[in-house]
Amino acid sequence: MALATFSVSEVRVAATCPRISYFDAEHTRRNGLKGRSMTRLWKAGDVEAACGSLFHGAVEAFNRRALDAPEVRAALDGDPDPRAIERRLRAFLNRNCVNLDALARKPPAQQQAFIRAVEIYMGELSDILGDALARGKPAGDVLDQLFGDRRRRVDVTFQVGPNGEPVRVVGVLDYVFYDWRTAHHRIIDYKLTPAGEPSNDLFQVALYAQMHNVQHRTEPDVGVLYLHPERLMVELKWEQVRGQRHKLFDLLASLAEWVRYDEASGSGLKPPGEPSYCPLCKWDKGGACASRLGPKHEGRKFRHWIDSATRGSSPAEPVIGVHASDGPTRAWAGEVDGNGPSGEEETPDALRIGTTVDGGRPVGLPLAALPTHVAVVGAAGSGKTWMAKVVAEEAIRLGIPVLAVDPQGDLVQFLRPAPESVSLSVEDRALRRAFLDRVEPRVWTPGSSHGRRLSLDPIRLAGRGELARIADPGRREEEWEGMLAVAAAQLVGLAKVGGETDSQQTFLLQVLRALASGAEGLDMSLGALAAAASAPETVGLDDPDRLIRKSEREKLARKLNGLCVGPAAGLYGGGRRLDLDAMCRPDTPGRTPLNVIYLNALADDDQKHFFVAALAAEIYRWMITGLDAVPGRPSVLFYLDEARDYIPAGAAKPPAKAPLIRLFTQGRKYGVACLLCTQSPRSVDYNAFGNCSTKLVGRLESAQDLERVAEWFATGGPAPPWLSGRTGAEAGSFVGRWPEMPPELEGRAIRSRPLFSLHEGAWSPDRLEREIGAGPSAGRPRGEGARNIRSPT
């Protein structure tokens with residue numbers, strides 16, 4: 001049986017009166033029409049009363065030109081008053097976008113209606129533009145958000161039939177843009193007809209929104225703007241649109257059967273009629289509708305999705321995917337058993353990491369698995385960094401900010417998109433588009449200005465008051481003391497005084513405690529800390545010699561003060577302070593930040609270790625004091641490349657080890673997801689690996705590595721049979737395990753999906769500076785606009 005395919009307009013007709021859909025389909029079949037018949041339900045002349053075709057042509061031309069037209073940019077750079085903007089934009093539209101000859105041939109009444117429709121349209125648009133400018137948005141970003149989104153065509157297949165039968169829906173929406181007033185995408189449908197049935201028009205635009213959500217991962221509010229004969233706006237929030245989905249699923253399932261109804265035998269699903277439309281319907285002349293199909297109330301529609309939702313059974317979702325033109329639609333995270341009518345469930349929040357090697361079935365890692373932490377392991381050349389970058393890209397696509405530590409220069413290439421390969425599948429093209437439309441990459445460079453410079457000065461200390469969310473007073477005190485102790489240990493490690501480090505840490509802990517005690521939180525400069533260490537009596541430590549010898553204390557103070565002016569001074573001077581809230585907040589609404597912290601410009605490994613330790617401590621303070629976790633959805637993904645250098649196995653204790661292990665141990669309950677990448681499963685401390693519930697294993701090289709992985713996966717029994725094949729696995733092939741993984745995926749090799757950002761040799765600091773200095777379009781493949789991936793200038 002051929003795939004049931006409908007336009008959005010045909011679905012709207014079915015929502016209005018199912019029998020009209022049947023008669024249209026039957027007329028098309030009986031007459032062998034090449035194009036499908038579709039009945040329009042408004043009175044003849046209503047559309048033309050405002051020169052509808054002329055209006056839509058003018059608006060289409062305006063929207064195409066507005067992004068790059070100097071006149072439009074000048075309109076935004078002038079007087080920001082919305083009415084002034086409106087006058088300038090209308091002048092541009094009249095000169096460049098309206099077919100004036102065709103308009104002149106229209107009757108005067110239609111010309112006036114056209115002018116009035118343009119006034120309303122431009123007035124609405126100018127209000128949005130004026131609001132964005134009043135919020136301080138740059139004119140270029142405003143134009144980009146309002147006119148740069150070309151994702152108007154939608155093509156989605158819903159497996160919604162009683163037995164999972166697919167129904168494909170296609171369409172082109174009028175206008176989609178990002179609205180700063182609501183912090184949401186918005187889809188607008190323009191009507192030049194009276195608002196006779198706004199609920200049906202809203203249903204149509206809500207269908208567009210649900211399809212846009214599937215295909216482009218947006219969550220748009222919707223509106224229908226009636227421009228003639230009078231202005232009227234009717235709207236729905238995304239939550240209301242989402243709440244209608246089961247009604248839509250039942251309608252699509254019913255429509256596929258209504259058009260196949262056999263009128264002669266009465267077999268199949270008979271469509272019911274809607275009597276209120278009979279006076280307008282060409283199929284009911286002389287009572288033909290009732291004589292052919294019986295009374296209007298006869299007929300039925302499917303209700304299996306609404307009934308499932310009403311019963312509260314879970315899940316009540318179909319498999320939904322972007323249509324593949326060269327074959328059947330594929331579910332994004334297939335091979336997941338479910339309880340919906342189709343026997344499978346959609347997992348819209350899956351990280352689409354690749355496909356099975358045997359069969360090419362798409363594989364999705366549930367978003368809820370991220371906060372349980374992910375370890376990607378594989379020998380050199382196995383594709384482990386590639387797979388880890390895929391996980392990071394997928395987090396961005398799903399709106400999760402990323403904080404990636406790049407010790408060697410392999411991750412800064414997130415700045416540039418990879419060239420779009422002609423071999424990409426339809427699904428991968430859709431994923432690529434969604435990622436590029438979402439990502440906002442930034443490169444932070446501690447101690448240098450090769451990118452956005454980061455500074456550890458001031459040092460952020462948590463006050464007891466900031467930990468009030470921890471109900472248990474004992475636990476609250478433990479957390480506070482623990483954060484101060486970590487800060488003291490880091491500073492002693494960086495100072496490298498020698499001697500009794502335990503005494504030095506104890507002394508600095510007392511200094512920090514005195515400075516932070518009673519405060520709601522303290523931003524302290526390194527110079528102030530050095531001064532307090534030099535003269536501890538000024539902060540209330542009257543007998544410091546019982547903690548540390550005077551000579552050693554004075555040397556520690558000199559070393560701390562030297563950090564402000566010595567080789568490590570770059571870490572404490574200039575640039576922006578380490579601010580996790582700012583890093584997780586996009587510069588452009590609708591984007592998701594991908595922060596890369598590039599360490600290769602630091603002077604030595606000691607500075608790298610110290611900075612990573614400070615970063616882990618700040619993430620911990622941030623999550624403990626103010627982060628509200630959303631169950632199943634991480635707040636941020638912390639990605640650590642070359643993890644063995646910072647969390648080594650064994651007795652070695654580099655400065656970052658303790659704060660990183662604490663982050664892995666405590667992060668999941670606060671929604672901080674951690675992703676580590678390393679060559680050997682034996683190289684990283686078991687406290688980190690033991691807290692990674694998701695493991696992706698690439699090619700392994702040694703028997704010891706196989707033994708360690710066997711310990712992970714065997715759970716007391718024999719080694720899994722697939723493990724021996726990991727020694728000769730091809731690059732890009734992984735076997736994984738994660739919470740709630742479908743049994744069908746156990747032991748099956750997964751081939752990582754293509755990367756959508758650049759992946760090449762490590763970038764030096766000079767190369768990074770050149771890439772950033774080259775501007776937002778440098779390194780772009782042809783056809784990629786500057787709005788896709790921005791340079792962090």
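The values are calculated or read from the model by the stated rules, or taken from the named source; none is laboratory data. Bear in mind the structure is a predicted one, so any value in this text is a computation, not a measurement. Cβ placement follows ideal geometry from the backbone for every residue including glycine, while neighbour counts extend to all protein chains displayed. Ligands, DNA and RNA are stripped out before the accessible areas are found, and what is left, the full protein with its side chains, is counted by its heavy atoms. Shrake-Rupley method; radii C 1.70, N 1.55, O 1.52, S 1.80 Å.
Please compute the length gained on full extension between Lys550 and Lys237, using 0.36 nm multiplied by the number of residues separating them and subtracting their Cα-Cα distance. Write down the numbers at each step before the final one.
Working: separation 313, 0.36 × 313 = 112.68 nm, distance 6.65 nm.
Going from the current span to full extension adds 106.0 nm.
Could you sort Glu440, Glu124, Glu760 by their accessible area in this structure, using a 1.4 Å probe and putting the largest first?
On the way: Glu440 5, Glu124 40, Glu760 75 Å².
Solvent-accessible surface, decreasing: Glu760, Glu124, Glu440.
Using a 1.4 Å probe on the protein chains only, how many percent of the accessible area of the stretch 667-714 belongs to carbon and sulfur?
Working: 680 of 1690 Å².
Here it works out to 40 percent.
By the helix-only formula, in which each DSSP H run with n ≥ 4 contributes -39500 (n - 2.57) and the sum is divided by residues, the chain has a 222 nm mean residue ellipticity of -12000 deg cm²/dmol.
Over all orientations, the chain has a Cα convex hull whose mean projected area works out to 40.1 square nanometres.
Dipole orientation for the chain: of the candidates Ala488, Ala531, Gly378, Gly378 has the Cα lying most toward the positive pole (charges on Cβ; Lys, Arg +1; Asp, Glu -1). Cross-linked pairs Lys384/Lys608; Lys191/Lys237; Lys496/Lys669; Lys389/Lys608: Cα-Cα separations exceed 24 Å for Lys496/Lys669. Simple spin-label estimate for Ser291 and Ser37 gives 1.6 nm between the two label positions (7 Å along the Cα-to-Cβ direction from each Cα). Look at the dipole of the stretch 236-312 built from charges on Cβ: of Leu293, Leu248, Ser267, the Cα furthest out on the positive end belongs to Leu248.
FRET efficiency for the Arg116 to Ser53 pair, using the beta carbon distance and R₀ = 25 Å, is estimated at 0.90. Ordering Val172, Leu637, Ile20 by the projection of their Cα atoms onto the charge dipole of the chain, which places +1 on the Cβ of Lys and Arg and -1 on the Cβ of Asp and Glu, puts Ile20 at the extreme positive end. Of Asp144, Asp605, the order by accessible heavy-atom surface (1.4 Å probe, DNA, RNA and ligands excluded), from most exposed downward, is Asp605, Asp144. Asp174 contributes an accessible area of around 40 Å² to the protein surface, as traced by a 1.4 Å probe with all chains present. Entry comment: accessible area of the chain is 40 Å² per residue, from protein heavy atoms only and a probe of 1.4 Å.
Here Lys296 is the anchor, and the aspartates and glutamates within straight C-alpha reach of less than 14 Å, apart from those fewer than 8 places off in the same chain, are Glu274, Asp284.
As a length-normalised measure over Cα pairs under 8 Å and 6 or more apart, the relative contact order of the chain settles at 14 percent.
Keeping the other protein chains in place, figure out the carbon and sulfur percent of the accessible area of the stretch 265-315, with a 1.4 Å probe.
On the way: 1610 of 3000 Å².
Carbon plus sulfur share of accessible area: 54 percent.
Accessible area ranking (1.4 Å probe, heavy atoms, ligands and nucleic acids excluded), largest first, for Ile459, Ile624, Ile306: Ile306, Ile459, Ile624. The Cα-based radius of gyration and maximum Cα-Cα distance (Dmax) for the stretch 173-255 are 12.7, 38 Å. Taking the DSSP beta bridges with both ends in the stretch 168-317, the antiparallel portion is around 65 percent. The trypsin sites (Lys or Arg not before Pro) found in the stretch 218-291 that occupy coil by DSSP, while having at most 14 further C-beta atoms within 10 Å, are Lys237. Leaving out ligands, DNA and RNA, and with a 1.4 Å probe, what % of the accessible surface on the stretch 85-234 is carbon or sulfur? Reported share for carbon and sulfur atoms: 47 percent. Counting 0.36 nm for each residue step from Leu100 to Ser267 and taking away their Cα separation leaves a gain of 54.7 nm. The modelled label-to-label distance between Thr28 and Arg429, using points 7 Å beyond Cα along the C-beta direction, is 2.3 nm.
Straight Cα distances below 20 angstrom link Lys550 to the aspartates and glutamates Glu500, Asp502, Glu537, Asp542, with same-chain residues fewer than 8 positions distant left out. Its Cα gyration tensor gives the stretch 64-170 an equivalent ellipsoid; the semi-axes, largest first and in whole Å, are 33, 23, 13.
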